[in-house]
Every structure is written in C-alpha cells, then in structure tokens.
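Student: Below is one structure. I have some questions about it.
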Amino acid sequence: MTDPAEPSLDQAVPPPGCPAHPGAREDAVALSGLEYQQTPSQLYRTLRREHGAIAPVVLDGGIPAWLVLGYTEVSYVTSHDELFARDSRRWNQWPSIPPGWPLMPFVGYQPSVMFAEGPEHQRRAGVITEALEAVDQFELAHTCREIAEGLIDDFAGSGQAELMSAFAHALPMRAVVRLCGMPADGVDTDDLVRDLRISLDAAEGDDPVAAYVRVMERMQRLVKDKRDHPGSDLTSRMLSHPAGLTDEEMVVDLITVIAAAQQPTANWICNTLRLLLTDDRFALNVSGGRLSVGQALNEVLWLDTPTQNFIGRWAVRDTQLGGRHIKAGDCLVLGLAAANTDPQIWPEGHIGPENSAHLSFSNGEHRCPYPAPLLADVIARTAVETLLERLPDVVLAVEPHELKWRPSIWMRGLAALPVSFTPVVQ
C-alpha cells in the first residue's frame, strides 16, 4: 500500500492527544467520534464562527491538520498545486503515524493518479479521461435502466424495501463493474464492493487496511485477465492506451476510478431519494413537473454532497491561507460540504437549483476527470427516474427524524432508507 520512499511508520508514537504531536493546537477540534456526525452542518457553522475559513483539527490518533471551510479558500487550494500539492510524502506528521492507522487508505502514498503531480499526473489522468470519453452515455443509461428494473423486480412485489442496500448501493456497483469488464454480480464482485466501502469509510470494527489489500489483489487479477483477453471495456482501453501504463499503475488507477464512481454515486442516489421523500416542496415540484430530477440531484450536491471532506493537500512550503500560517508539510483537509454551504456565497441561505458551481467534484487539475461527473449523473439520474416511474406512490416507512446517517465525517450517506409502496404484481 505504501511506497518504499514513504517515511517510516515504525517510529515511536506519542499517545493520542499528547502535546508531543508536532503542530497540535489546544483549540483543535477532533474529526472523529463527533456528536455532530448526524448533522455536520452544525459543526461547520461552529468552526466558522470560532476559527474562520481555516480551522485547526485533529485526525484519528490526535494527528493535527487544517480543515479548509471556505468556498474561496478550497477553490484557491485546489487551483494552486505549486503551493498545495498531492504527494503525501511531504507530510510533516509521518513520524507520529502508527502502523495500521485507519486513515492510511486515504493518505498512504501510492504511485497512482491520485498522488501524481505535474506531467506525470497529466499522463495518468489523460489515460482515464480518454477511456471514459469512449463510454456511450446513451448505452450507459440503457444499462443502468436495465439494472434498475432488475433490482426493483426483486422487491416490487413485497410492498416494502430498504433502498440503500437493495437499490442505491447495488445499482452503481453493478454499472461500474460492467464498465470495467467484471461480472455484474457474484460473490467476487460483492466482496470487492464491500471491501471498497470498508477501505474508504470504515465502520467500527472494520479493518480498512486489510480491506484495501484485498481490493488490490482483485484488481491485479482483473488487469492480468484483460491483458490476456482484452474487450470493449474501460480496463482494456486503459491498457491499450499509448501511455503504456504498467500493471502496478493500472491497478491503483482502476481502484481510484471504481472507488470514486461507486460509493459517492450510491450516496448521491440515496440522498436524492431522501430529499424527494422527506421534503414536500421538492417532492411536489418534481412530481408536478416544475423541477426535474436533474435539479433535485444538483441541490443534493450543494446541501448533502456525498464526499463531505477529502484528504487532501500538503503544503509545499510555508505560506499564508485564510489568515493562517501554514507550515511546509502541513496537511489540509478539503471541506467540500462546508465550502458548498459557505454563507459568503449563499448569504441568504438559498441554493439555486440551476447553479452547478459546487465543489462536489473538487476543482483544479485534480478534480474528477472529465467526463466522470457526467457519467455519474447518468447513473444517478437513471436510478432515481426509474424508481419513481416504477413505484410512483413510494413513501418513507419511518418518520423522517428516524433516518440515521452513517457516522462518518468523510462521506455523507444514510445507514438505511426503508420505504413502502403498493406491491407490484409481476
């Protein structure tokens, strides 16, 4: 998972919260175990009020970092790679990071497009972009509708379902693995998706490092299979690109593509369905044709974006940001959700459904490569539209306040979305 050039993780580690952690501030706020996990907007308002656009925080184990809350500041950081770069080997906290640290899948350096910089990043991102550009969006929509119909058929006759697991999570998973040339279902695929979820958004008791190792092993098999037997899929197109990615480069970049497409899209679908089922204004508007599903999806990106916070950027040198002195090697967590709801850009608290200038797909050279956001929109839009067409009287099976968000400061998604509807006879 790590590169030999990465700083050693075997050095003595101060106990959590110990002042021995370099750079730790007494007024820093923990980004783990938060009481605000169900309503993170409260946390962002508090941090803005107390610290401004840049807040000192501590990650798991008391590791210090900066949370960038302001829309302008997040845009600046992501637009200035010469000051805030992606190679995590710059981090000045490596001596304090313990083996098996739960956030290692986010920050442990790998030779992937995620951590590449300059010409190397352009080369790697170019391979992904060209492979994605070859995806026929109409064909993808047809595939997603077919998958959605099959999933709905499985529960339509019962009059009830838990949509997070039975629909919102399953649909993008099956769509993405098809794009990559894997079987659409089966134990192997299900295990891959479960391990991706654990590695990116571990629940209590999960082992994200072990899960990530299993993901890498599965991707190694896929790359080998596609080198031997290429097809008309994303993996084969990436392998045949003139840039000539090695097997190691292919594995880590495929993981990046699949991880970026699967869980965030699943949460996007579920968060949109929640909005439609709990907000009379939106539900009536959508059913009445005055607001499209696309506009509902866009509002969710502003208010309940699937990727709440992202690690991150590392300061190339000492610099100033938002009135803070940022030291060389400091870690900056991108507060995408906080930036999207920054009162400086929405002074009256009103989100325009037509405005798509949100930062949910990040910004700058390391944003989601074109046309990934368009393909994610195709998947999410098709999922929501198909469900509403097939189950027009679907309603929540619990009171809105009973819905629980997954306890994560990183991803925004429901633990479950139980619904009921008139059973459909097949």
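Student: Can you name the residue in the range 40-60 that is open to solvent by 50 Å² or more (accessible area, probe 1.4 Å) and free of Cβ contacts under 8 Å to residues at least 60 places away in the same chain and, of all such residues, is farthest from residue 76 (Cα to Cα)?
Tutor: Checked the range 40-60; the qualifying residue farthest from residue 76 (Cα to Cα) is 42.
Student: Answer yes or no: is there a residue in the range 87-105 that is open to solvent by less than 30 Å² (accessible area, probe 1.4 Å), closer than 25 Å to residue 340 by Cα and in contact with a His (Cβ under 9 Å, 6 or more places away or on another chain).
Tutor: Among the residues of the range 87-105, not one is open to solvent by less than 30 Å² (accessible area, probe 1.4 Å), closer than 25 Å to residue 340 by Cα and in contact with a His (Cβ under 9 Å, 6 or more places away or on another chain), which makes the answer no.
Student: Looking only at helices (runs of 4 or more DSSP H) that fall completely inside the range 188-284, which ones have 2 or more residues that are closer than 18 Å to residue 369 by Cβ and under 15 Å from the mean Cα position of the chain (by Cα)?
Tutor: 247-278
Student: Further question: For residue 100, state whether it is over 22 Å from residue 264 (Cβ atoms) and in a helix (DSSP H, G or I).
Tutor: No; evaluated as a whole, the condition is false for this residue.
Student: Identify the residue in the range 323-339 that is part of a loop (DSSP other than H, G, I, E, B) and modelled with pLDDT of 95 or more and, among all such residues, is most open to solvent (accessible area, probe 1.4 Å).
Tutor: 327
Student: To continue, here is another question. What's the total number of residues in the range 380-402 that are over 17 Å from residue 161 (Cβ atoms) and open to solvent by less than 10 Å² (accessible area, probe 1.4 Å)?
Tutor: The number of residues fulfilling the criteria is 1.
The values are calculated or read from the model by the stated rules, or taken from the named source; none is laboratory data. Worth saying up front: this structure is predicted, and the values here are computed from it rather than measured. With ideal geometry, Cβ positions are generated from the backbone for all residues, glycine too; neighbour counts draw on all protein chains shown. Heavy atoms of the whole protein, side chains included, go into the accessibility calculation; ligands, DNA and RNA do not. Shrake-Rupley method; radii C 1.70, N 1.55, O 1.52, S 1.80 Å.
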